[in-house]
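Throughout, read-outs are computed from the coordinates displayed, never taken from laboratory work. Keep in mind the model is a prediction, meaning the values are calculated, not measured. Because the Cβ atoms are built from the backbone with ideal geometry, glycine has one as well, and the counts that use them run over all protein chains shown.
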Amino acid sequence: MQPVTTIEQDGMDIHKQMQRIDNDVNGNPRYALHFLAFASDYNTAAVIANSVGWRQYNSRSFGGCFVGQSYSTVGESLAIAEAKVKHETHVPFGLVWRHTRYCYSEISNFQECVGNIDPQDLQDRYLKFLENFRSITKKTLVEKDVLQMFIADLDNRAQIDYREDHWADDREITAGGKRFDKRCRQLREIHREWLGGAA
């Protein structure tokens, strides 16, 4: 018999807390969950609940609750448990990115240099992020350690192409390095709370 994982155990605990309420207007089954099933504070709970399609439930009988639709409460409970873990390890990217020729060139360069990253797991995840970078949006959830690697690469490229003024005779490279410098500082500011002095 396989041991129960922490996520599976949390899913079972969440499942026990689900309360059946009236169906929605289309006859779909709905359930209510107190915010403490999602997180220890309401604001964080709201973010996690919204990420899996649950919304604030405005009912005097269910104060501090969220409501969700489900035909599989076991699967829904597990999805909520997974979302709670993901909230701890992922953050929205935070920026609308302007893709330029310089950007494409340097992202490709970042990919070529991932072999220097340890451990292998982080190397693989960072490479996947870079390969999919064109599809990244402001709201795309990104793993925190992967985002730290990206910020460090931006900072390194900005140092070489802009701050040290090695390319004063090449406006495209200098301008690209300047944009990377700006984006690096913006990302650090957006994620200042969890980054601290780590990036």
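Would you work out the Kirkwood radius for the chain? I mean one over the mean of 1/r across all pairs of different Cα atoms, in Å.
One decimal place: 19.6 Å for the Kirkwood radius.
Where Rh denotes the Kirkwood radius from the mean inverse Cα pair distance, what is Rg over Rh for the range 6-90?
On the way: Rg = 12.0 Å, Rh = 12.7 Å.
My calculation of the ratio gives 0.94.
Using θ = phi - 60° and the Karplus form 6.51 cos²θ - 1.76 cosθ + 1.60, what ³J(HN,Hα) does each residue of the range 92-100 get, whole Hz, x for Gly and Pro?
Taking θ as phi minus 60°, the curve returns x, 3, x, 10, 8, 9, 8, 8, 10 Hz for the range 92-100.
Helix hunt in the chain: which complete DSSP H runs extend at least 18 Å axially by C-alpha with mean Kyte-Doolittle at least -1.0? Can you show the working numbers first?
Values: long enough: 73-89 (24 Å, -0.12); 144-158 (21 Å, -0.09); 171-190 (28 Å, -1.29).
Going by DSSP H runs, the hits are 73-89, 144-158.
Using alpha carbon centroids, what distance separates the range 11-55 and the range 82-119, in Å?
31
Under a 10 Å cutoff between Cα atoms, tell me which one of ASN109, ASN26, ASN132 has the largest fluctuation in the Gaussian network model of the chain.
Among ASN109, ASN26, ASN132, the largest mean-square fluctuation in the Gaussian network model of the chain belongs to ASN26.
Just to be sure I understand: if I project the alpha-carbon convex hull of the range 124-188 onto a plane and average over all orientations, what area do I get in nm²? If you can, show how the numbers build up before the last one.
Values: hull surface 18.6 nm².
That works out to 4.7 nm².
About the Cα centre of the chain, what is the dipole size in debye to 20, counting +1 per Lys and Arg Cβ and -1 per Asp and Glu Cβ, all else neutral? List each step's numbers first, then the result.
Working: 25 positive and 28 negative charges, 178 e Å.
Result for the chain is approximately 860 debye, rounded to the nearest 20.
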